[in-house]
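Taking it in order: structure first as structure tokens, then the write-up.
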């Protein structure tokens, strides 16, 4: 089984989370992904705890199914190797600050002269233009500037530092994949590639789907706990008697009626979306333990679900039925449990080949495929061009 993207070859210069998550999706769907890594400047994700048998679990996951070629891009011989690779690759994915690849001689204009069909994707915090294009940032900064943090939080404590990197993944990674696949479709008709400028701040700004629409069209400014879906109504999380939490999303009248009836308080449904209903529900939830509430709502279709830990989520029958955990080969005959690709294709996806590998694990193999002799590869290693 080769996967729907088996025809695509990707040169991945990215590090950390946004680019690697994007190329992970591509690799899971069958694309051939070759990471170009520095032999001297380590991807910090490689040392991020926790570690499994000496390897960062995050790195092992985000870089599964990818090969690694270690090149010192400051050396001319390394740049020649990249230019040779580009002849046979469809996509370049990079995550440097604007201008870095151009200074190396590996910018879009230079590489498309070698391969006009090349699709070149740049993921940055703020994009290739604008006064912030050279400014450093992280997920929390992009969400702050995009307005998302201004209404994601509590009135008494302010914005929340989210546990999931929304700007990196939903902003950078997923938009990059959507954009590059759109460019692949366009290339099927035009025969030429193109450049894709992905800003994590831009994409985070677009995630203001409903609140942004309301502000731009009607001037309604969202703020903490002033909207139906951000804590300004009964749509919220509720503490249980034993300090656990339940989620309530019973917005539609039928669900709201079932929610209130489950507590033996059908009259509460008449309060609608009011905060008065929220106060009444807080009392009802705090009367009962987490286990009691789980049992109470197990057979009630009211959009009420428990807030699970990751260890609980892994064992939940719905997630288990969807096979969201995969056993991925380490290379020594054993396997590592990882998050599986969540996409379900009727023709299936290829089995995971291996976890993320050591820097330069495939250097000799890739260079041999380019036609370099064993002697020449040894010379490049001696000169520290290849790691």
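Pick from the stretch 330-358 the residues that are in contact with a strand residue (DSSP E or B) (Cβ under 6 Å, 6 or more places away or on another chain) and in contact (Cβ under 8 Å) with a residue 40 or more places away in the chain: which of them is surrounded by the fewest Cβ atoms within 10 Å (Cβ to Cβ)? Don't jump to the end; show me each part of the working.
Applying the first criterion (in contact with a strand residue (DSSP E or B) (Cβ under 6 Å, 6 or more places away or on another chain)) to the stretch 330-358 yields 330, 335-338, 340, 352, 354-355, 357.
After this cut, where a residue has to be in contact (Cβ under 8 Å) with a residue 40 or more places away in the chain as well, the list is 330, 336, 338, 352, 354-355, 357.
Working: 330: 16, 336: 20, 338: 18, 352: 19, 354: 18, 355: 24, 357: 20.
Checking each candidate, the answer is 330.
Quick one: how many residues across the stretch 154-174 are without any contact (Cβ under 8 Å) to a residue 40 or more places away in the chain, out of contact with any helix residue (DSSP H, G or I) (no Cβ under 6 Å at 6 or more places or on another chain) and outside any loop (DSSP other than H, G, I, E, B)?
Of the residues in that region, 1 qualify.
All but one of (1) more than 20 Å from the chain's Cα centre (by Cα); (2) in a loop (DSSP other than H, G, I, E, B); (3) surrounded by fewer than 15 Cβ atoms within 10 Å (Cβ to Cβ) hold for residue 361; state the number of the condition that does not hold.
Here residue 361 clears every test but (3).
Could you tell me how many of the residues in the stretch 212-247 are free of Cβ contacts under 8 Å to residues at least 60 places away in the same chain and not in a helix (DSSP H, G or I)?
Number satisfying all stated conditions: 16.
Out of (1) modelled with pLDDT of 95 or more; (2) closer than 25 Å to residue 24 by Cα; (3) not in a helix (DSSP H, G or I), what's the single condition that is false for residue 331?
For residue 331, the failing item is (1).
Condition first: surrounded by fewer than 20 Cβ atoms within 10 Å (Cβ to Cβ) and within 21 Å of residue 80 (Cβ to Cβ). Now tell me which residues in the stretch 35-63 satisfy that.
Correct list: 38, 39, 40, 41.
Taking the stretch 130-153 as the search range and keeping residues that are in a loop (DSSP other than H, G, I, E, B) and in contact with a strand residue (DSSP E or B) (Cβ under 8 Å, 6 or more places away or on another chain), which one is surrounded by the fewest Cβ atoms within 10 Å (Cβ to Cβ)?
133
Under 7 Å between Cβ atoms, which residue pairs at least 6 apart in sequence (or on different chains) link something in the stretch 285-301 that is loosely packed, with under 14 Cβ neighbours inside 10 Å with a partner that is part of a helix (DSSP H, G or I)?
From residues that are loosely packed, with under 14 Cβ neighbours inside 10 Å, the pairs are 301/258.
Quick one: in the stretch 187-211, which of the residues that are assigned to a loop (DSSP other than H, G, I, E, B) and touching a strand residue (DSSP E or B) at 6+ places or on another chain (Cβ under 7 Å) is surrounded by the most Cβ atoms within 10 Å (Cβ to Cβ)? Lay out the reasoning, then the answer.
First, pick out the residues of the stretch 187-211 that are assigned to a loop (DSSP other than H, G, I, E, B): 191-194, 207-208.
Then drop every residue that is not touching a strand residue (DSSP E or B) at 6+ places or on another chain (Cβ under 7 Å), which leaves 193-194.
Details: 193: 23, 194: 18.
Within the stretch 187-211, the match that is surrounded by the most Cβ atoms within 10 Å (Cβ to Cβ) is 193.
Could you run through the stretch 263-277 and say how many residues are in a helix (DSSP H, G or I), touching a helix residue (DSSP H, G or I) at 6+ places or on another chain (Cβ under 9 Å) and surrounded by 13 or more Cβ atoms within 10 Å (Cβ to Cβ)?
The number of residues fulfilling the criteria is 5.
The values are calculated or read from the model by the stated rules, or taken from the named source; none is laboratory data. Bear in mind the structure is a predicted one, so any value in this text is a computation, not a measurement. Positions of Cβ are generated from backbone atoms using ideal geometry, with glycine treated the same way; all protein chains shown enter the neighbour counts.
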